[in-house]
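The values are calculated or read from the model by the stated rules, or taken from the named source; none is laboratory data. Source: prediction; values computed, not measured. Cβ coordinates were reconstructed from backbone atoms using ideal geometry, including for glycine residues, and neighbour counts include every protein chain displayed. Quick note on the areas: whole protein, heavy atoms, side chains included, nothing else; ligands and nucleic acids left out. Shrake-Rupley method; radii C 1.70, N 1.55, O 1.52, S 1.80 Å.
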Amino acid sequence: MAATIQGIGATAYSVNSDRFQLPSLRSFSESKGRFFALRSEGKVIGGSRGRNVSPLVTNAVAAKGESATASTSAKPGFNVLFLLRHEVLLFEALREGLDEEMMRDPSVCVMGEDVGHYGGSYKVTKGLAEKYGDLRVLDTPIAENSFTGMGIGAAMTGLRPVIEGMNMGFLLLAFNQISNNCGMLHYTSGGQFKIPVVIRGPGGVGRQLGAEHSQRLESYFQSIPGIQMVACSTPYNAKGLMKAAIRCENPVILFEHVLLYNLKERIPDEEYVLSLEEAEMVRPGEHVTILTYSRMRYHVMQAAKTLVNKGYDPEVIDIRSLKPFDLYTIGNSVKKTHRVLIVEECMRTGGIGASLTAAITENFHDYLDAPIVCLSSQDVPTPYAGTLEEWTVVQPAQIVTAVEQLCK
Amino acid sequence: MALSHVATASRSQLLNPLTILLSSSLRRPISTDTTPITVETSVPFTGHKCEPPSRTVETNPQELLTFFKDMALMRRMEIAADSLYKAKLIRGFCHLYDGQEAVAVGMEAALTQKDCIITAYRDHCIFLGRGGTLLESFAELMGRQDGCSRGKGGSMHFYKKEGGFYGGHGIVGAQVPLGCGLAFAQKYSKDENVTFALYGDGAANQGQLFEALNMVALWDLPAILVCENNHYGMGTAEWRAAKSPAYYKRGDYVPGLKVDGMDALAVKRACKFAKEHALKNGPIILEMDTYRYHGHSMSDPGSTYRTRDEITGIRQERDPIERIRKLILAHDLATEKELKDIEKEARKDVDEAIAKAKESPMPDPSELFTNIYVKDCGLEGHRLMGKGSS
């Protein structure tokens with residue numbers, strides 16, 4: 001599959017404004033007027049709290065070297081500044097988000113293996129150590145359990161650490177800290193302590209990385225009470241979710257994917273933060289709701305092309321928020337299409353899809369015309385051989401077949 | 001101090017009933033006398049890669065009487081908790097600290113509330129030392145609303161944010177990396193305070209301890225790791241679990257100090273020394289040689305792996321409260337009766353707190369869902385997964 005998918009998210013934006021009159025605006029209540037949150041479709045809302053859109057500190061992004069002039073003409077009522085964009089790769093978008101937050105709030109710091117001098121094994125933190133120093137961008141020894149614990153302890157005093165797992169799979173070593181201390185301390189202390197950490201790192205099946213380096217931890221972490229989980233999939237939502245996760249008072253686990261770091265997209269110059277609890281409408285449709293996240297979004301969109309040619313009209317939603325689910329957006333979609341297909345990279349057993357199936361069935365079974373179909377990875381350790389590895393994850397052809405079956 | 005004795009003596013020569021009435025209704029104030037008294041610790045300190053401090057400790061009547069009062073209160077609280085547990089008002093796990101009180105009071109004497117303390121599950125007395133109240137303590141043990149964690153934490157999860165007490169943790173050893181983080185935050189904000197991370201001899205064998213040790217030493221974090229060595233990891237004696245029970249030496253490149261944990265003044269001296277060391281030269285390990293009279297928890301009789309003779313022996317020779325009592329009497333700072341009155345006062349305070357805690361209501365059912373996420377934080381307005389379709 002292509003390593004760079006040019007603006008696949010951007011071209012699918014819908015400009016249907018009545019979609020945006022959502023009560024979920026109340027989820028922006030924490031903004032305190034300091035930033036405005038956007039629906040992923042790119043429309044600005046909630047910005048009018050008596051304040052104009054705040055000017056971005058442009059020197060952080062202007063260095064990207066892209067032309068600053070708007071590529072599309074301004075429509076009346078549209079914010080011109082918002083149309084200024086620059087092209088980034090996904091890992092650069094993550095870095096921009098991190099950098100902006102570190103500039104904005106001195107209590108934000110980064111810790112992890114090789115994040116400092118090396119610049120991060122996937123270059124997400126490149127240049128940050130030079131800018132902010134060795135304490136704020138801390139190179140840790142290879143001790144996931146204790147440096148995760150350290151980040152959590154620091155958060156108890158008010159710091160906002162961003163803890164990087166070089167590969168999500170390594171965080172299994174820190175499971176005790178994440179489950180018991182990160183997730184539960186706010187509760188067991190009766191609300192005395194908050195743990196505003198962000199735990200992030202790449203996971204998912206890569207290119208023949210072997211079983212231990214191809215893990216999907218979202219299925220293990222999903223039952224931990226007290227944490228939020230989000231998965232980014234485009235440079236646009238990567239930056240927005242990174243910023244939102246850092247600003248969130250709850251602990252957030254941000255799932256990145258090894259194969260998506262080099263995706264290219266033009267993102268706004270203007271500062272923006274996305275909502276952690278909202279799903280993203282990738283492609284509206286009528287016939288079937290396809291729910292997906294992370295890398296599988298691209299397999300779904302590939303399948304969608306085929307499906308459209310065959311006359312189907314799938315609605316594709318990138319759920320983004322893995323905990324909690326955005327049942328509002330998902331529910332609206334189910335009420336419209338009455339058929340649901342979930343495409344995920346988790347294993348079949350106990351995966352995100354399993355929980356999502358249960359949640360949709362419990363809440364919207366009246367609206368379903370067919371049982372929910374869930375396509376997941378096989379319940380096997382990811383093999384090394386390329387062909388075998390391909391068969392462990394869901395491929396576009398399988399998605400097409402599933403939709404055809406579902407819509408019979 | 002001599003004055004008070006004269007007063008008592010003269011009073012007792014007058015009307016006896018009046019004396020009894022007066023002395024029982026007068027709350028004996030803790031002496032505010034701060035004239036220094038020099039005392040030697042029970043045993044000298046043993047150092048590892050550091051020059052141990054001298055055995056001579058300076059104290060004063062006020063401090064000694066405060067130690068006595070505080071330790072008496074702690075002892076009373078733990079004994080009362082024992083009874084409450086047997087009466088099934090406290091459930092689950094209850095790990096009692098009686099015998100180890102000297103560590104809690106000695107440490108408090110050397111620190112401020114800006115310094116951080118974090119410990120494992122044997123946390124009731126440390127909580128008290130950090131400013132927690134008896135009511136909060138008993139209410140939490142009984143799972144009531146007025147508990148320090150609103151009844152949702154229990155015995156192993158006492159916290160006091162304003163007092164710099166970070167808990168209260170159930171998983172053995174997991175609090176040490178957290179303590180590392182507290183020290184990291186102190187270094188980050190450059191505020192000249194230190195963190196005391198407590199753990200037991202059982203936890204000393206945890207890998208995360210060595211990971212944390214490496215990090216605090218690497219980055220010179222102001223952390224003091226305190227091993228409360230009560231010689232038993234639940235039912236396993238230290239020599240059966242550790243190849244090297246010299247826990248103060250386990251830091252290898254990190255200096256260590258072995259302290260008699262039953263001597264509150266030695267503990268105070270060591271903690272002061274450690275705080276200075278941590279702020280100047282980096283982390284240090286303190287091994288407190290202490291003892292717990294109860295078993296590991298209320299589910300453990302504590303007698304299957306150690307002899308009753310051992311327990312009574314320690315109680316007779318090394319009990320922390322007795323040591324301070326003897327010191328006070330030897331220096332004539334108070335009479336036996338006055339000390340007994342203090343203990344009676346402690347008993348009264350504890351009984352009152354228990355009565356009040358019993359009146360505290362159970363948490364409201366809605367409390368099941370509060371404090372999972374931070375309040376008013378976007379997520380609260382959002383429908384949580386699986387909470388119903390309507």
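Computed values, structure above
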{"read-out": "Percent accessible area from carbon and sulfur atoms, segment A:282-406, protein chains only, probe 1.4 Å", "value": "54 percent"}
{"read-out": "Under-5 Å amide H pairs with A:R160, H placed in peptide plane, nonlocal only", "value": "A:V108, A:C109"}
{"read-out": "Axial C-alpha extent at least 20 Å, average Kyte-Doolittle at least -0.5 - helices from chain B (DSSP)", "value": "B:61-86, B:264-281"}
{"read-out": "In sequence order, calculated HN-Hα J values of segment B:228-242 (Karplus, 6.51, -1.76, 1.60; Hz; x Gly/Pro)", "value": "7, 8, 9, 6, 9, x, 6, x, 10, 5, 4, 6, 8, 10, 10"}
{"read-out": "Sum of side-chain charges, A:P396 neighbourhood, beta-carbon under 14 Å (Lys, Arg +1; Asp, Glu -1)", "value": "+1"}
{"read-out": "Cα coordinate range in segment A:336-408, projected on the principal axes (Å, largest first)", "value": "44, 25, 13"}
{"read-out": "For residues of A:168-181, the mean tally of beta carbons on other chains within 10 Å", "value": "2"}
{"read-out": "Rounded to 5, the percent of DSSP beta bridges in segment A:87-268 classed as antiparallel", "value": "10 percent"}
{"read-out": "Highest-MSF residue in chain B out of B:D289, B:D351, B:D98 [GNM, Cα springs under 10 Å]", "value": "B:D351"}
{"read-out": "Fluctuation leader among B:Y305, B:Y121, B:Y247 - chain B, Gaussian network, Cα springs under 10 angstrom", "value": "B:Y305"}
{"read-out": "Net charge of Cβ neighbours under 11 Å - reference B:L213; Lys, Arg +1; Asp, Glu -1", "value": "-1"}
{"read-out": "Ranking by accessible area, most exposed first, for B:F369, A:F170, B:F68 with a 1.4 Å probe", "value": "B:F369, A:F170, B:F68"}
{"read-out": "Per-residue mean of C-beta atoms belonging to partner chains within 10 Å, peptide A:159-166", "value": "1"}
{"read-out": "³J(HN,Hα) computed for each position of segment B:283-294 - Karplus, 6.51 cos²θ - 1.76 cosθ + 1.60, integer Hz, glycine/proline x", "value": "x, 8, 9, 10, 9, 9, 7, 9, 7, 10, 6, 6"}
{"read-out": "Environment charge at B:A203 (Cβ cut-off 15 Å; Lys +1, Arg +1, Asp -1, Glu -1)", "value": "-3"}
{"read-out": "Over 25 Å between alpha carbons, listed pairs A:K131/B:K375; B:K86/B:K268; A:K310/A:K408; B:K152/B:K258", "value": "A:K131/B:K375; B:K86/B:K268; B:K152/B:K258"}
{"read-out": "Most mobile listed residue (B:V105, B:V226, B:V172) in chain B, GNM with C-alpha springs under 10 Å", "value": "B:V172"}
{"read-out": "Chain B - share of DSSP beta bridges that are antiparallel (%, nearest 5)", "value": "30 percent"}
{"read-out": "Drop in accessible area of at least 20 Å² in the complex versus isolated chain, residues of segment B:170-202, 1.4 Å probe", "value": "B:I171, B:A174, B:P177, B:L178, B:G181, B:L182, B:F184, B:A185, B:K187, B:Y188"}
{"read-out": "Helix-only mean residue ellipticity at 222 nm for chain B, each DSSP H run of n ≥ 4 adding -39500 (n - 2.57), per residue, nearest 500", "value": "-13500 deg cm²/dmol"}
{"read-out": "Fraction of antiparallel bridges per DSSP, segment A:250-408 only, in percent to nearest 5", "value": "20 percent"}
{"read-out": "Delta accessible area of at least 30 Å² on complex formation, residues of segment A:324-356, 1.4 Å probe, chain isolated as reference", "value": "A:P324, A:F325, A:L327"}
{"read-out": "Accessible surface, segment B:107-245, averaged per residue in Å² (probe 1.4 Å)", "value": "30 Å²"}
